[in-house]
Amino acid sequence: MRPTLPYIQPVRKIRYVIFLKDVLILALTTFGGPQVHLAMLYDRFVVKRRYLTEGELMELNALGQVLPGPTSTQTITAVGFKIGGPNLAYITLLIWILPGVSLMTAAGIGMYYLEQRNLSLNFARFIQPMAVGFLIVAGYRIGQKVIKNKVSLALALTATMVAYVFRSPVMTPIVIVLGGLTTALTYEKQERMDKKPLRVQWANFFLWLGVFLAAAGLGAITQSLPVRLFENFYRNGSLVFGGGQVLTPMLYNEFVAFKHYLSREEFLSGLGLVQAVPGPVFSFASYIGALSMRHDGVSGQLWGSFVSTAGIFLPGTFLIFFVYRFWEQLKRYRVVRASLDGVNAASTGLTAAAAIILFQPMLPHWPSVVVVLITIGLLLYTRTPPYLLILGGLLVGFLL
């Protein structure tokens with residue numbers, strides 16, 4: 001067997017390069033949310049390349065869904081981990097997020113450039129109500145999947161009311177945790193599965209926790225805006241379940257309603273634009289980070305985008321590396337599976353509250369209401385891709 005050993009490593013490297021090329025193609029051509037991303041991952045990774053089986057891909061996607069963080073990003077990162085270990089996984093993550101992050105950073109810098117020169121932003125006037133339409137449809141579709149009984153419906157409605165009345169970012173993790181604890185109590189309804197003792201490798205968990213505590217401590221001591229931005233996004237990335245749509249209300253409460261880093265109009269414009277950008281919806285964080293440091297020049301905006309991007313994507317990456325190694329054992333515990341129902345229901349309520357809060361100021365302006373309704377109708381009853389809707393909205397804004 002010795003003569004064959006020198007040939008194994010080059011073959012593996014070639015396979016890794018092909019895999020990373022596939023990741024880049026997906027990063028440049030994949031629009032929409034996790035459901036659309038999963039379909040395209042299946043087509044390229046399972047059908048065309050056979051890197052893994054359909055069952056293995058669905059298993060990794062399920063793992064991403066039950067962990068906080070961006071589901072599709074965690075899924076594609078886990079695929080890289082499965083194929084080539086942690087080093088390939090980190091490269092996969094960087095390639096996957098780079099196009100979307102770059103475009104949203106440019107959008108944030110461009111937005112401030114136009115505002116500084118008093119140039120009209122009227123061309124984007126339809127994007128803001130369209131963004132609300134996207135959020136309403138996302139909440140509706142999430143609710144269809146996760147509201148299965150009276151308990152989940154009650155949790156979703158309670159979360160909506162609490163988030164609407166108490167608009168502090170502190171309420172978000174409280175609502176999510178309480179939702180999970182509520183349904184965890186009903187674990188006896190879950191099917192029993194054979195269990196083995198958990199064998200846990202704690203390194204990535206302690207890495208996640210260490211960064212969490214260090215960022216919080218440094219932010220409190222230094223009051224440095226870049227450090228606080230990293231901490232804010234790292235905290236949100238550690239608590240959000242359900243993808244970019246659920247992240248939206250958390251970011252709105254934190255950066256618009258509470259800290260006033262962005263105006264409501266800037267936030268909605270970015271929320272609309274991210275629908276026309278390939279890759280993860282979490283790249284919205286890059287836009288917010290760039291605008292949050294607008295007064296420090298272009299270099300400051302780039303730095304703000306960088307720390308915000310790192311903050312939002314690192315928690316999910318650390319956690320999936322941690323849980324991936326013992327997920328097969330963990331999912332057999334009924335209390336774990338039961339708690340997910342409450343987490344998902346509470347997240348749906350947060351999305352509904354954000355949609356109400358953002359839609360309410362538009363009620364006196366009938367053109368905005370019409371745009372919201374048209375967007376909802378097109379999303380629900382046609383197969384028009386979201387990015388085409390946004391590009392169409394920008395084109396109409398230029399022409400009218």
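Some notes on this structure:
- Principal-axis tilt of helix 5-29 within the chain, Cα atoms, nearest 10 degrees: 20 degrees
- Kirkwood Rh in Å, taken over all unlike Cα pairs in segment 43-155: 17.7 Å
- Under the convention that each Lys and Arg Cβ holds +1 and each Asp and Glu Cβ holds -1, the size of the dipole of the chain around its Cα centre is about 1080 debye.
- With Cα atoms defining each centre, segment 35-111 and segment 133-212 are spaced 22 Å apart in the structure.
- MRE, 222 nm, helices only [DSSP H, n ≥ 4, -39500 (n - 2.57), over the chain, to nearest 500]: -24500 deg cm²/dmol
- Here the accessible area is traced with a 1.4 Å probe on the protein chains. For the chain, carbon and sulfur cover 67 percent of it.
- Translational diffusion coefficient of segment 178-319 (Stokes-Einstein, Kirkwood radius from Cα pairs, 37 °C, 0.692 mPa s): 196 µm²/s.
- Considering all different alpha carbon pairs of segment 313-359, the Kirkwood hydrodynamic radius works out to 12.9 Å.
- Angle between the chain longest axis and helix 54-66 axis [Cα atoms, degrees, rounded to 10]: 50 degrees
- Under the Karplus curve 6.51 cos²θ - 1.76 cosθ + 1.60, θ = phi - 60°, whole-Hz ³J(HN,Hα) for segment 40-52, x wherever Gly or Pro sits: 6, 5, 4, 4, 8, 7, 9, 6, 7, 9, 6, 5, 7
- The count of lysine pairs in the chain whose Cα atoms are under 27 Å apart, excluding pairs fewer than 8 places apart on the same chain, comes to 19.
- Pairs of alpha carbons in segment 269-400 whose separation is greater than 23 Å (percent): 57 percent
- The angle between the Cα long axis of helix 386-399 and the main principal axis of the chain comes to about 20°, on a 0 to 90 degree scale.
- Cα radius of gyration and Dmax for the chain (Å): 21.3, 77
- Neighbourhood net charge (14 Å Cβ-Cβ; Lys/Arg +1, Asp/Glu -1) for Val343: +2
- Counting only protein heavy atoms and a 1.4 Å probe, segment 274-323 has 23 square angstrom of accessible area per residue.
The values are calculated or read from the model by the stated rules, or taken from the named source; none is laboratory data. Remember, predicted model here, so these are calculated numbers, not experimental data. Cβ atoms come from the backbone with ideal geometry, glycine included; neighbour counts cover every protein chain shown. Note: accessible area is taken over every heavy atom of the protein model, side chains too, but ligands, DNA and RNA are not part of it. Shrake-Rupley method; radii C 1.70, N 1.55, O 1.52, S 1.80 Å.
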